[in-house]
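To start, the structure under review is shown below, and the notes come after it.
The values are calculated or read from the model by the stated rules, or taken from the named source; none is laboratory data. Only a predicted model underlies this, so the values are computations on that prediction, with no experimental measurement involved. Heads up, the Cβs are rebuilt from the backbone with ideal geometry, glycines too, and the neighbour counts pull from every protein chain shown.
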Amino acid sequence: MSYIETTLRNLQRSSPCQPEFYQATEEILQSIYPLLDKNPHYLQQNIVERIVEPERQIMFRVVWQDDEGKVQVNKGYRVQFSSTLGPYKGGIRFHPSVNASTIKFLGFEQIFKNALTGLSLGGGKGGSDFDPKNRSDNEVMRFCQAFMTELYRHIGATIDVPAGDIGVSQREIGYLFGQYKRLNRHFEGVLTGKALNWGGSLVRPEATGYGLVYFTENMLQANDDCLDSKKCLVSGAGNVAIHTIEKLYQCGALPITCSDSTGTIHHAKGIDLILLRELKEERRGSLIEYLDSHPDAEFIPRKNYPNDGHAVWRIKAEAAFPCATQNELSEADAKALCQNGITCIVEGANMPCTAEAQALILAAGIHYAPSKAANAGGVATSQLEMAQNAGMIQWSFAEVDQRLQTVMKDIYQRCAETAIEFHQPSNLMLGANIAGFRKVADAMLEQGLV
């Protein structure tokens, strides 16, 4: 049995029933094997065994009261994976699918994503199985207050700085921050994604989507290509998808799809961004309502592809941006993309491609950007928000956007140069995983047994 297989088996024994976490770990370990072979001191110091175990795992009960006076109980999590490079940094997700496996895979990925930014950030993640959908503002506020009543003792501006994620927007960040301030009596940058008039940063809402497109531009330019006039498939209809669509339009591309839990919109003329924002950000409605304004568009119900992938990936285009959730793009989807003329796939969600899909994409020679590199714009701009909070200043939109562009260019170059170093110049997944792991591992060796 190989070293990696032994490590994964031991992990399954110590952390049972966590398939997403195993998947994320296996992807990293398989990619970094050339590094471990070249540098045996990582093995001698058990760096892998140390890095796959979180420094701290916090699980807690969240008790709150709904508008009808009924007591509700949810489960809360915060996994503080690595503080080697800086304070723990990673989002809080409120969604019914959240469990220990989800949070641990996201926290593990966050270590290397944050390392790739070149900024002083550790890795962590948190969340709850609470669903803010169809809840009143008062119910969301009471839940957030109950959640923070436990979490506040574990976080701080130089300890752990959570951000938003799925189900946690500026509204939720506001309620969480207010309760933290009430309990801790400190006005500090303990959360990022705040409103502009009390410590937020310009570009933060746009950062993940914009950064995704900036990374894509760098990747394509290095291969004598560009986004201009390309038809693009985008999944999701949340913050990342909306700002990816917005920036794609600004780059001259034509995004023709978006999706939610009910199905997919295909609009050959291009997605109506104004309408999409209204539906998902203001009315919080279903995408099927898109057809009321655009009868020329097509709505494909999710039930049409219950077990064999997603309709959004069965449409002919040139670039694909999975921006919804983990494992949304299956092997069957990857085959469909290859057959429909896709030349690049750039991950906006965290681990949106299954392991089988990844293998097929890499074998096909398609330009492929893994999420830990391509969607790092959000956490990078969170760190810029932290820097502004520490200095009690606010930078202009142009200044933050320029810094974001620089960070994404640096991430691409770091990944590409590492891939070349290990003789797989087209494999950015290998480049990202080795570059991120090596930075954290070297710092761990320099800091000793901590």
Suppose the filter is of a type in the set (S, T, N, Q) and more than 19 Å from the chain's Cα centre (by Cα); does N197 pass it? yes
Can you say whether V346 is within 20 Å of S120 (Cα to Cα), within 23 Å of the chain's Cα centre (by Cα) and either surrounded by 15 or more Cβ atoms within 10 Å (Cβ to Cβ) or of a type in the set (S, T, Y) (or both), as far as the supplied structure shows? no
Any idea which residue in segment 354-367 is farthest from M429 (Cα to Cα), counting only those that are outside any helix (DSSP H, G or I) and touching a Cys at 6+ places or on another chain (Cβ under 7 Å)? I366
Check on P54, exposed (fewer than 14 other Cβ atoms within 10 Å of the Cβ) and not in a helix (DSSP H, G or I): no
Quick one: which residue in V240, V190 is among the hydrophobic types (A, V, I, L, M, F, W, C) and touching a residue at least 60 places away in the same chain (Cβ under 8 Å)? V240
Residue count, segment 203-247, condition part of a helix (DSSP H, G or I) and either under 28 Å from P301 (Cβ atoms) or modelled with pLDDT under 95 (or both), comes to 11
Within segment 388-395, is even one residue assigned to a helix (DSSP H, G or I), surrounded by fewer than 19 Cβ atoms within 10 Å (Cβ to Cβ) and at pLDDT below 95? yes
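Rundown of residues vs (1) modelled with pLDDT under 95; (2) acidic (D, E), yes/no style:
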residue	(1), (2)
H367	no, no
L384	no, no
F397	no, no
Q405	no, no
M408	no, no
Q413	no, no
E421	no, yes
S426	yes, no
L430	no, no
Residues in segment 406-429: is at least one closer than 30 Å to I173 by Cα, assigned to a loop (DSSP other than H, G, I, E, B) and in contact with a Leu (Cβ under 9 Å, 6 or more places away or on another chain)? no
What pairs come up if the first residue lies in segment 416-428 and is touching a residue at least 12 places away in the same chain (Cβ under 8 Å), the second is of a type in the set (S, T, N, Q), and their beta carbons are under 7 Å apart, counting only those six or more places apart or on different chains? A419/N427
Is one or more of the residues making up segment 34-44 in contact (Cβ under 8 Å) with a residue 60 or more places away in the chain, assigned to a helix (DSSP H, G or I), touching a strand residue (DSSP E or B) at 6+ places or on another chain (Cβ under 8 Å) and of a type in the set (A, V, I, L, M)? no
Do we find that G211 is over 26 Å from T325 (Cβ atoms) and either surrounded by 20 or more Cβ atoms within 10 Å (Cβ to Cβ) or not assigned by TED's automatic domain parsing to the domain that holds G91 (or both) in this structure? no
